[in-house]
Amino acid sequence: MKNVPQFRCDTSDAGRRLDEFLAARLAGLSRMRIARAVEEGACAVNGARGAAGQKLCAGDLVEIALDDQEPTAMTPEALPLRIVYEDDELLVVDKPAGLLVHPTRAIKTGTLANALAYHVNRLRIVDCGMRIEEGGVLPVTNPQSAFRNPQSFVRPGLVHRLDRATSGLLVVAKTQRALSILTRHFHERRVAKRYLALVCGRVAADECEIDAPIGRDAAARPQWRVLATGRAARTRLRVLERGDAATLVELEPVTGRTNQLRIHCAHAGHAIVGDEWYASAHGQVEPPRAARLCLHAARLAFHHPSGGRWLEFASPLPAEIAAAFAAARQGALRSG
């Protein structure tokens, strides 16, 4: 079933891009979903096919045809969340390993973004009389229709990301103001992040810094790797405890490149346990194995966007990583 909302541009919209205009009015939809709809010709301006960068004029009539049954990043799902902290502007969650942060082209539901969309809008969902089934998408004919009012729908803002296989702490903005401020703080490196990782072998130095540029090579697998032409990337490593087959370390990403910690550890000859992808790429053909990637975002600290109060959060080492390290202490963590 297609839903075709219509919007009339007023004088304040004159000169605004079509995609920005729609994003401001379709608060329940992700920008990716809106961009795809425009690209596929589902949007019209005064009856003619619209383009994302098209500049609007006062009085223009904008229409967009949307499939009400298609789930999106903003489709609320009643999924369990480990909430460490929450106030009116932000929340901190402890993400389990295996949970995708945001939907992809192949995976549309069951992500952290879907769970957050439900959590921050749950009271409004109840007020609207919608019925939520545990672990399921809103079972209503038009799950998006109740979320088209930007004044009432809260769009959770993902300030930073974690790999699907990585567990640990994430801060999520509940207002556009908080998102803008926190994003700037991350960019300015005013945020403290520490990861716990179990890496292959015995790391000799108690502390070291891995300084190796990271870039993307489309012809290689994996594509993200250490490249002389890449962007500067630095990781600080501190040994916490050594086992016979692996070492428990604390990692501090000084920069924030894609897959930086995984790439840098493998580049240094100590791939993260459970990371067969990067271990193999760096010649570690038979690394120790574990039930999961042994990488955990254990500490997160930042200034609150209102008032600047310094907030610090910690998450304990997950049981699976602790079990893998216990085996490493005894020399029992082996390949195969």
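The values are calculated or read from the model by the stated rules, or taken from the named source; none is laboratory data. The model shown is predicted, which means the values in this text are computed figures rather than measured ones. Positions of Cβ are generated from backbone atoms using ideal geometry, with glycine treated the same way; all protein chains shown enter the neighbour counts.
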- When region 12-37 is examined, which residues are found to be at pLDDT below 85 and either on the phi > 0 side of the Ramachandran plot or of a type outside the set (A, V, I, L, M, F, W, C) (or both)? S12, D13, E20, R25, G28, S30, R31, R33, R36
- Could you give me the residue pairs with C-beta distances under 6 Å whose first residue belongs to region 278-304 and is modelled with pLDDT of 95 or more, whose second residue is of a type in the set (S, T, Y) and part of a loop (DSSP other than H, G, I, E, B) wherever it lies, and which are 6+ apart or on separate chains? L295/T166; A298/S315
- In region 38-75, the residues that are in contact with a Leu (Cβ under 9 Å, 6 or more places away or on another chain), modelled with pLDDT of 85 or more and closer than 30 Å to G110 by Cα: V38, A42, C43, A52, I64
- Message: With in contact (Cβ under 8 Å) with a residue 12 or more places away in the chain, charged (D, E, K, R), outside the structural domain of A178 (by TED's automatic domain parsing) and within 30 Å of A178 (Cβ to Cβ) as the only criterion, which of E252, E241, E207 stands out?
- Response: E252
- Task: Could you tell me whether any residue of region 243-254 is at pLDDT below 95 and among the aliphatic types (A, V, I, L, M)?
- Result: yes
- Query: Only one of these conditions is not met by R189: (1) buried (at least 20 other Cβ atoms within 10 Å of the Cβ); (2) within 16 Å of L300 (Cα to Cα). Which number is it?
  - Reply: (1)
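Looking at region 318-336, which of its residues are of a type in the set (A, V, I, L, M) and at pLDDT 85 or above? So that I can check it myself, show each step before the final result.
Here is the first cut: in region 318-336, the ones of a type in the set (A, V, I, L, M) are 319, 321-324, 326-328, 332-333.
Correct list: A319, I321, A322, A323, A324, A326.
Just name the residue that is surrounded by the fewest Cβ atoms within 10 Å (Cβ to Cβ) out of those in region 291-312 that are part of a strand (DSSP E or B) and touching a helix residue (DSSP H, G or I) at 6+ places or on another chain (Cβ under 8 Å). Lay out the reasoning, then the answer.
Within region 291-312, the subset part of a strand (DSSP E or B) is 295-303, 310-312.
This time we only want the ones that are touching a helix residue (DSSP H, G or I) at 6+ places or on another chain (Cβ under 8 Å), so: 295-296, 302-303.
Values: L295: 28, H296: 27, F302: 23, H303: 15.
Only one residue tops the list, namely H303.
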- Verdict on H270 being buried (at least 20 other Cβ atoms within 10 Å of the Cβ), touching a residue at least 40 places away in the same chain (Cβ under 8 Å), part of a loop (DSSP other than H, G, I, E, B) and not charged (D, E, K, R): yes
- Being buried (at least 17 other Cβ atoms within 10 Å of the Cβ) and outside any strand (DSSP E or B) narrows it down to one of V249, V199, V239, V203, so name that one. V203
